[in-house]
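Since every read-out is calculated from the coordinates, none of them should be taken as a lab result. All figures in this text were calculated on a predicted structure; none of them were measured in a lab. Here the Cβ positions follow ideal geometry from the backbone for every residue, glycine too, while neighbour counts run over all protein chains shown.
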């Protein structure tokens, strides 16, 4: 995406902030691909907003805004993981750099996948949808979910595994079919 910025420094900051808001869901998805904890990813996206606001003068109008903001997001995510996050089962920084360094974010492809995931989530049984929501949106651990709904931890883990398998199969079908509802 190539967007033009205004002349004054304040106008440029405002313009960068408007572009960020327009692409915020894509940035969140990008951060989630590195930091899977939803609550932490939301915190990181807020930090990215502040960082791009501070760095607005370094963005060159006429260049790919989304690529620039995702680069900032990658560095903010790595900084977060180094300083505050639980490092359980995370990729090493050098691996993340190799995987994401030259990756261009295709917003239309990302939106296509998000739409497919929404369709697949809506097809889950209500209880499975609730478990997925609690785990990934609510950032609850299986033990917390078990306590909240009166199940055993093992039952929650099995149900989440089944829900993830159903989502994966549905996503494969959706994307194979070009994202058209099936």
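With R₀ set to 22 Å, the beta-carbon distance separating residue 71 from residue 171 gives a calculated FRET efficiency near 0.25. Extension gain, residue 60 to residue 164, is 33.3 nm, computed as 0.36 nm per intervening residue step minus the present C-alpha separation. Compared with the alpha-carbon gap, the fully stretched path from residue 123 to residue 155 is longer by 9.4 nm at 0.36 nm per residue.
Once the Kirkwood radius over Cα pairs is known for the stretch 107-176, the Stokes-Einstein relation at 37 °C and 0.692 mPa s delivers a diffusion coefficient of 259 µm²/s.
One decimal place: the segment residue 24-residue 11 gains 2.7 nm when fully extended, by the rule 0.36 nm per residue minus the C-alpha distance.
Could you line up 172, 47 from fewest to most neighbouring Cβ atoms inside 10 Å?
Arranged by neighbour count, lowest to highest, 172, 47 become 172, 47.
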